[in-house]
Amino acid sequence: MRRGATLLELVTVLTLIGLLSAMAAPRVGDALDRLAVRKAVGEAAMFYGAARFGAILQGSRVRIEFGPDSMIAVYERANDSLFLRRDGPAKDGVNLRASRRVIRILPNGLGSGGSNTTLVFRRGVHAESLTTSRLGRLKRWR
């Protein structure tokens, strides 16, 4: 009784694995792009919510700056003070395009001058956006 596999059997199996991998690779890349965009949008939405809550809690106007490399929230007082900073979506390879890079939130949680600001997050063919209302709310578009 012979054990093992012949060279022809090994080549056949490896060829099949290679073909299946080549067919699956674009779908995996597409799924990774979609996940990266969703993660970036979720992080930006949570950052915005935390900054808005900080404005209400401290009773101070807050300036939020969205950039591809960082997101920054600053209490606007006599001496501005940074209270939140996070890495931007570029860390995950996600591009950010903003109609306005700076949004202000009043101490009552309402937006100031940032009405209809749109943040578009894109990687590959996938894109999602966040839009602010004049009331300071966020709407997520897929």
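The values are calculated or read from the model by the stated rules, or taken from the named source; none is laboratory data. It should be emphasised that the depicted structure is a prediction, and the values quoted were computed from it without experimental measurement. Here the Cβ is made from the backbone with ideal geometry for all residues, glycine too, and neighbour counts use every protein chain on show.
Exactly one residue out of 57, 19, 14, 35 is surrounded by fewer than 14 Cβ atoms within 10 Å (Cβ to Cβ), more than 27 Å from the chain's Cα centre (by Cα) and modelled with pLDDT of 85 or more: that is 14. Highlighted here are the strands (runs of 3 or more DSSP E) found entirely within the range 16-107 that include at least 3 residues which are among the β-branched types (Val, Ile, Thr): 102-105.
Only one residue in 140, 97, 134 is modelled with pLDDT of 90 or more and surrounded by fewer than 18 Cβ atoms within 10 Å (Cβ to Cβ), so which one is that? On inspection, the qualifying residue turns out to be 97. Applying the set (1) within 27 Å of residue 82 (Cα to Cα); (2) over 28 Å from the mean Cα position of the chain (by Cα) to residue 47 leaves exactly one unmet item: (2). For the range 111-127, does any single residue satisfy the condition of being closer than 13 Å to residue 62 by Cβ and in a strand (DSSP E or B)? Yes, some residue in the range 111-127 is closer than 13 Å to residue 62 by Cβ and in a strand (DSSP E or B). Scanning the range 24-66 for residues that are over 22 Å from residue 133 (Cβ atoms) and of a type in the set (Gly, Ala, Ser) returns 24, 25, 29, 31, 36.
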